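Take a look at the structure below.
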């Protein structure tokens, strides 16, 4: 954190977002986070790999032929991989619901000098360097830094446009474009 001074939101170059930290917001945060990861790190792939390892360990320790294992192993994989993916996301959402900011509003301002966030649990201004990169989705921008992400949905824009927001982020960060979901 650089300071607790507010960015000048009257600045013509500012882009302002306002959203509510609710279940819908956090569900989108989680979904966009996993969507921007390389395929190998997405939940179904992670659980699929773990399933393959478990099957391989079972086969190698029991000496069971693959033909005796494939039916039940496939059934378990077909059920457990999607189920574990859904349960993991729900667990993350539960953690977000327990935050004191859940249900409150946030005001996010960005301009050439940096970004500021105002809310029930945070009132600070940061330089652009706090974020390592951005990801532009068809419906918003995800700002990333180690250990934290910030989702800026286009529907939350109060001042400025999605194009202006993207240009501003691109002028300070490396931005990846994800055009389709």
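Considering region 39-53 alone, what residues qualify as being assigned to a helix (DSSP H, G or I) and surrounded by 12 or more Cβ atoms within 10 Å (Cβ to Cβ)? Before you say what the answer is, go through the steps one by one.
First, pick out the residues of region 39-53 that are assigned to a helix (DSSP H, G or I): 39-41, 43-53.
Of everything in region 39-53, those that are assigned to a helix (DSSP H, G or I) and surrounded by 12 or more Cβ atoms within 10 Å (Cβ to Cβ) turn out to be 43, 44, 45, 46, 47, 48, 49, 50, 51, 52.
Scan region 54-72 and give yes if some residue there is surrounded by 12 or more Cβ atoms within 10 Å (Cβ to Cβ), touching a residue at least 40 places away in the same chain (Cβ under 8 Å) and under 27 Å from residue 34 (Cα atoms), otherwise no.
No, every residue in region 54-72 fails to be surrounded by 12 or more Cβ atoms within 10 Å (Cβ to Cβ), touching a residue at least 40 places away in the same chain (Cβ under 8 Å) and under 27 Å from residue 34 (Cα atoms).
Go through the residues of region 13-30 one by one and say whether even a single one is at pLDDT below 90 and either within 20 Å of residue 155 (Cβ to Cβ) or more than 15 Å from the chain's Cα centre (by Cα) (or both).
Start the filter on region 13-30 by keeping residues that are at pLDDT below 90, which leaves 13.
Those still in the list that are either within 20 Å of residue 155 (Cβ to Cβ) or more than 15 Å from the chain's Cα centre (by Cα) (or both) too: 13.
Among the residues of region 13-30, at least one is at pLDDT below 90 and either within 20 Å of residue 155 (Cβ to Cβ) or more than 15 Å from the chain's Cα centre (by Cα) (or both), which makes the answer yes.
Conditions: (1) surrounded by fewer than 17 Cβ atoms within 10 Å (Cβ to Cβ); (2) more than 16 Å from the chain's Cα centre (by Cα); (3) closer than 20 Å to residue 32 by Cβ. Residue 133 meets all but one. Number of the miss?
(2)
Confirm whether residue 86 is modelled with pLDDT of 90 or more, farther than 28 Å from residue 135 by Cβ and out of contact with any helix residue (DSSP H, G or I) (no Cβ under 6 Å at 6 or more places or on another chain). First the steps, then the outcome.
Working: modelled with pLDDT of 90 or more: yes; farther than 28 Å from residue 135 by Cβ: no; out of contact with any helix residue (DSSP H, G or I) (no Cβ under 6 Å at 6 or more places or on another chain): yes.
In short, no.
Considering only region 146-180, how many residues are loosely packed, with under 14 Cβ neighbours inside 10 Å and out of contact with any strand residue (DSSP E or B) (no Cβ under 7 Å at 6 or more places or on another chain)?
The qualifying residues number 10.
Tell me, which residue of region 52-68 that is at pLDDT 80 or above and in contact with a helix residue (DSSP H, G or I) (Cβ under 7 Å, 6 or more places away or on another chain) is nearest to residue 81 (Cα to Cα)? I'd like the intermediate steps shown before the answer.
Let us first name the residues in region 52-68 that are at pLDDT 80 or above, namely 52-62.
Narrowing further to those that are in contact with a helix residue (DSSP H, G or I) (Cβ under 7 Å, 6 or more places away or on another chain): 55, 58-59.
On the way: 55: 13, 58: 18, 59: 19 Å.
By that ranking, first place goes to 55.
Tally the residues that are over 30 Å from residue 42 (Cα atoms), touching a residue at least 60 places away in the same chain (Cβ under 8 Å) and not in a strand (DSSP E or B), restricting the search to region 86-126.
2
Among the candidates 119, 91, single out the residue that is over 17 Å from the mean Cα position of the chain (by Cα), at pLDDT 85 or above and under 25 Å from residue 26 (Cα atoms).
Details: 91 fails: over 17 Å from the mean Cα position of the chain (by Cα).
119 is the lone residue from the list that is over 17 Å from the mean Cα position of the chain (by Cα), at pLDDT 85 or above and under 25 Å from residue 26 (Cα atoms).
The values are calculated or read from the model by the stated rules, or taken from the named source; none is laboratory data. This structure is a prediction, so every number in the text was calculated from the model and none was measured. A quick note on method: Cβ atoms are made from the backbone with ideal geometry, for glycine too, and the neighbour counts reach across all protein chains shown.
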